[in-house]
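The values are calculated or read from the model by the stated rules, or taken from the named source; none is laboratory data. Fair warning: this is a prediction, and the values are worked out from it, not measured in the lab. Glycine also receives a Cβ, built like all others from the backbone with ideal geometry; neighbour counts cover every protein chain displayed. Surface areas here come from the heavy atoms of the whole protein model, side chains and all, with no ligands, DNA or RNA. Shrake-Rupley method; radii C 1.70, N 1.55, O 1.52, S 1.80 Å.
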Amino acid sequence: MYALYATLGIPLFGALLQAAVGHRSFAREINVALSAATFLAACVLTERIVTQGPQFAWDQAFFIDPLNVFLVTLTAFVGLTTAIFSRPYMAIEAEHGKMTPPRLRLYHSMYQLFNCTMLLALTTNNMGLLWVAMEAATLATVLLVSVYRTAASLEAAWKYFILCGVGIAQALFGTVLLFMAAEKVLGAEGGALLWTNLDAVKTQLDPAIITLAFAFLFIGYGTKVGLVPLHNWLPDAHAEGPTPVSAVLSGLLLNVALYALLRCKVLTDGALQTPLASRLMMGFGLLSVLTAAFFLLRQKDVKRMFAYSSIEHMGLMTFAFGVGGPVANFAGLLHMTVHSLIKSAIFFAVGHATQRAGTQIMADIRGLMKASPLLGWSMMLGALAILGMPPFGVFASEFLILTTAMREQPWATPFLLLALGVAFGAVFMRVQEMVFGSTNLPAGGTAHTAPAHLPVYAHLGLGLMLGIYIPPYLDAWYRQAAAMMGG
Amino acid sequence: MQGMFGQLINLFASVLLLLSFAMLAQRRVVTLIDLFMLQGATLVAATTVVGVVTHQPHLYLSAALTLLLKVALIPWLLHRVIRQLNVRWDVETLINIPTTLLLGIVLVIFAFNLALPISQLSSSVARGTLGIALAGVLLSFLMMITRSKAVSQVIGFLSMENCLFFAATSATYGMPLVVELGIALDVLVGILILGVFMFQLRERFDSLDIRHIEKLKED
């Protein structure tokens, strides 16, 4: 499993390397190179899992199965494209004086460390280490959010730290309870926290303990997913940090938190034989979709608006996994993929637009299409894609979620339709105002800081492809993962 | 012999609960740090006793780690920070102590009720104390909500971590070593980041009062 060790080792090494050279002018290229190497290693790993099936590594400490392997690839891919996007972005920020050399070093080092913790959380087999990696990811991103040291960014980072710290502490209590239940069946040896062992004996776990454990795990990881009412940290952290950080927060961190929740749900379903976990996930998922949709209406800051859109989509995925069954799980996984791709593409476009306009207030950004057609189109297409317009992938997954909901949970359909409609109106109106009309933006930057359009269109292209055609191996993969989650 | 150790653990658990209440009632930042140190010391004692009873060597290691981190290093760091920031004699003025304590009692009753059916299933010698650990977590939570000073919020956060560790020892025989090490590392890095943060907050706002800092709207 050298591919796995490389996937985890390269970003860790990268964090140390960037701590030494991150302030140099070539650090941005090194950042891209490191992320590219990580992505390559992840591809090799994926290829091995696809051909040889689920595998352990390091004496059961790591476990790769269909559920996490596609998230590993996705994480490494978005990590790479965000690094490509951040190369010109950070150069411009440095020109504007917002990023000083020490801040750049911190940014580059923490960026790699964040990737490392995400990949560790995805691949570890130990529920305790999963928690440790999630907490470490919080710590790494706290520093990234506050990197500009403005009053608002410090406040956002403080809120993020305290809220997520408290939230994730509840998940630790849940993990302790889970261990307590497992210990009775598996003995006090270290193996009692390994997910594969827990999965094997899940029907024998004590239902009383597991009920309480899931409640705490749900609060804990749910905070990180951004579920209402514990979502307050999310818009602030997205809006006040550098845009590449917003892209990885939405594209990766929320996914990984949801992944942790899914692992816990599989165990809980097995132990309880009641739909407790499903009901909790459906209820809070729906609440998040609705609340976020109405909050979307009153946003003035473009990054805050798309942060609320992330809450909405995470709620939709949580709802889908709560409904359960092969189709809804399939749709949830597909939605995880396309949301991650499209939302990070939007943040790339937003990043370039706000840099050009010098503001994040939507009323002050006008006529993107005139100022730069490539930028205008990426913004417009990204917004249409995230709003669920065919033929993009979000349409396919939302369509599947809606039709399954109609069949299995008809009561939820009107709420979902209402929320999706409101979200469409709110986002479309704002984006169309920003994109069309006469421009108020200054002329473009110099050639060597030309914005990176490649990541945006690569993501949009993949999102488009998933809406029209899902490659057979990907399809088989989703099906396996969906079947594994049962429900 | 077993009975005596059981009594000892119950004693330490009640001391832990008492200290949680003392923290809830304490207005002075500097005294809060001392209380936090005492809480850490109680945790070390409780972990050691469970270690002696169950002959689990990794519990000694866990106790040593707690001693090093939560009794020595973190209080020392916190003292240093408040000295440098000149907030040593800061007093929380806007909290109603009696009401907070009453709320705390309600939380304890709630925690005991929640933990009662579960603690009977535990195989640890310290099973009766799971309720206390949960109560401690909730009390720390309450403390974080009611305080407006950044340092007090951080101490509430650390106290919550202490109670979680106590929960791990009382519900089971402590988490596997690799997990415990990972958690300790996270706590240490977390506190270092928070320390740096407090200096940045101070530089930016001339205050460590969270009420002065909250400007971002709730929309």
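Observations
- Selection from A:Thr51, A:Met369, A:Thr404 lying farthest towards where the dipole of chain A points positive, charges on Cβ: A:Met369
- Hydrodynamic estimate: the Kirkwood radius of the protein assembly as shown over Cα pairs, inserted into Stokes-Einstein at 25 °C and 0.890 mPa s, corresponds to D of 95 µm²/s.
- Comparing mean-square fluctuations of B:Val49, B:Val179, B:Val108 from a GNM of chain B with C-alpha springs under 10 Å, the top value falls on B:Val179.
- Neighbour net charge for B:Ile155 - beta-carbon separation under 10 angstrom, K R +1, D E -1: +2
- Dipole of the protein assembly as shown, positive end: most advanced residue of B:Leu164, B:Met4, A:Gly14 [Cβ charges, Cα centre]: A:Gly14
- Residue by residue along A:161-168, Cβ atoms of other protein chains within 10 Å of the local Cβ number 4 on average.
- GNM on chain B, alpha-carbon springs under 10 angstrom: the most fluctuating residue among B:Val187, B:Val196, B:Val50 is B:Val196.
- The separation of the stretch B:27-57 from the stretch A:376-455, counted between C-alpha centres, amounts to 53 Å.
- Using C-alpha pairs under 8 Å with a sequence gap of at least 6, the mean separation divided by the residue count of chain A gives a relative contact order of 15 percent.
- The listed peptides A:374-386, A:110-122, B:54-66, ordered by packing as a protection proxy, come out as A:110-122, A:374-386, B:54-66 (highest mean of other Cβ atoms within 10 Å first).
- Axis of helix A:302-323 versus longest Cα principal axis of chain A: the two differ by about 20°, to the nearest ten degrees.
- Average partner coverage of B:202-211, which counts Cβ from other chains inside 10 Å: 2
- Charge dipole magnitude, Cβ of K and R +1, D and E -1 - the stretch B:2-218, Cα centre, debye nearest 20: 320 debye
- Summed over the residues of the protein assembly as shown and divided among them, the accessible surface reaches 34 Å² per residue at a probe radius of 1.4 Å.
- Within the straight-line cut-off of under 29 Å between alpha carbons, the lysines reachable from A:Lys184 are A:Lys202, A:Lys265, sequence neighbours fewer than 8 places apart in one chain being disregarded.
- For the stretch B:2-218, the fraction of alpha-carbon pairs lying more than 21 Å apart is 54 percent, rounded to a whole number.
- Once the Cα atoms are used to define both axes, helix B:57-66 deviates from the longest principal axis of chain B by about 20 degrees.
- Amide H partners (placed H, <5 Å) of B:Lys149, local residues excluded: B:Ile210
- Simple rule: put +1 on each Lys or Arg Cβ and -1 on each Asp or Glu Cβ in chain A, find the dipole, and look at A:Phe179, A:Ala320, A:Pro242; the Cα lying farthest toward the positive end is A:Pro242.
- Summing Cβ point charges (Lys, Arg +1; Asp, Glu -1) relative to the Cα centre of the protein assembly as shown gives a dipole of roughly 1080 debye.
- A straight line joining the Cα centroids of the stretch A:84-151 and the stretch B:82-142 runs 33 Å.
- Remark on A:Phe62: its backbone amide H falls under 5 Å from those of A:Ala57, A:Asn125, a criterion applied only to residues 5 or more positions apart or on other chains, H modelled at 1.01 Å from N.
- Cross-link reach list, lysines versus A:Lys303, counting only Cα pairs under 30 Å and skipping chain neighbours closer than eight places: A:Lys98, A:Lys159, A:Lys224, A:Lys343, A:Lys370, B:Lys149, B:Lys215, B:Lys217
- To the nearest ten degrees, helix A:373-386 and the longest principal axis of the Cα atoms of chain A are 30 degrees apart.
- With all protein chains in place and ligands, DNA and RNA left out, the 1.4 Å accessible area ranks B:Val15, A:Val456 as B:Val15, A:Val456, largest first.
- Rg(Cα) / (2.2 N^0.38 Å) computed for the stretch A:392-464, rounded to two decimals: 1.64
- Rounded to the nearest 500, the helix-only mean residue ellipticity at 222 nm of chain A stands at -26000 deg cm²/dmol, with each DSSP H run of n ≥ 4 adding -39,500 (n - 2.57).
- Table column - 3J(HN,Hα) (Hz), the stretch B:183-188, Karplus curve with 6.51, -1.76, 1.60, x for Gly and Pro: 5, 4, 4, 4, 4, 5
- Protein accessible surface hidden between B and A, which excludes ligands and nucleic acids, total in Å², probe 1.4 Å: 4300 Å²
- Table column - 3J(HN,Hα) (Hz), the stretch A:324-340, Karplus curve with 6.51, -1.76, 1.60, x for Gly and Pro: x, x, x, 6, 5, 4, 4, 4, x, 5, 4, 5, 4, 5, 5, 4, 4
- Apportionment of accessible area to carbon and sulfur, chain A, percent (1.4 Å): 69 percent
- Mean separation of Cα contacts under 8 Å, 6 or more apart, over the residue count of the stretch B:2-218: relative contact order %: 24 percent
- Of the residues B:Val53, B:Val178, B:Val87, the one that moves most in a GNM of chain B with alpha-carbon contacts below 10 Å is B:Val178.
- For the stretch A:142-156, 3J(HN,Hα) per residue [Karplus equation, 6.51 cos²θ - 1.76 cosθ + 1.60, θ = phi - 60°, Hz, x = Gly/Pro]: 4, 5, 5, 5, 8, 5, 7, 6, 7, 4, 5, 6, 5, 5, 4
- Separation of alpha-carbon centers, the stretch A:1-35 and the stretch A:216-291, rounded to whole Å: 29 Å
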